[in-house]
Every structure is written in C-alpha cells, then in structure tokens.
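Down below is the structure, laid out as structure tokens.
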Amino acid sequence: MPSTESSQKTKEDECPDFSMKFHQGKTYIIFLKNAGATPKLLYPDWTTALEVNQNHVIVSMQGDKVEVETLI
C-alpha cells in the first residue's frame, strides 16, 4: 500500500495529521471504499488504517484500545 497524505496544509491546523506510512511486516486494518484489482481507500486523507498490535488497535487520540474482532 502506498503512504497516504494528510489534508493538513500547515502545522497550525487544528486537525490531527492522519497520514499513514505502511511498513512491511506490520499488520493493519485498512478501510477501503472498494476492493478488487484496483482498491481505493475509504478516506485517503483521513483515518486510512489502524495498526494492529497484540490483537488490539488504538481507536482514539487518547489511546483507547479495542480488540480487532470487535471492529471486524
């Protein structure tokens, strides 16, 4: 998957930077608009994916975690 870019234009922007760089060997839940031969991300400049860590993902800026099975 290619990296995504935030729509943030300046560091003073109030919105968090949701861009995502994917790393080989890591596991992610990825949000797609459509799947198939040419998948499209659901929100390319917003929350694109959540990194899975010990079967949990962080779902808030406060660090709240949920189990992967809860989201699927």
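The values are calculated or read from the model by the stated rules, or taken from the named source; none is laboratory data. Bear in mind the structure is a predicted one, so any value in this text is a computation, not a measurement. The area values use the complete protein model at the heavy-atom level, side chains included, leaving out ligands, DNA and RNA. Shrake-Rupley method; radii C 1.70, N 1.55, O 1.52, S 1.80 Å.
Numbers at a glance
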{"read-out": "Residue-normalised accessible area of region 27-68, given per residue in Å² at a 1.4 Å probe", "value": "72 Å²"}
{"read-out": "Percentage relative contact order, region 27-68, counting C-alpha pairs under 8 Å, at least six apart", "value": "30 percent"}
{"read-out": "Extension gain, GLU14 back to THR38 (0.36 nm per residue minus Cα-Cα distance, nm)", "value": "5.4 nm"}
{"read-out": "Accessible-area composition of region 27-68, carbon plus sulfur, in percent [1.4 Å probe]", "value": "54 percent"}
{"read-out": "Segment ILE58-TYR28, length gained on full extension (0.36 nm per residue, minus Cα span)", "value": "9.7 nm"}
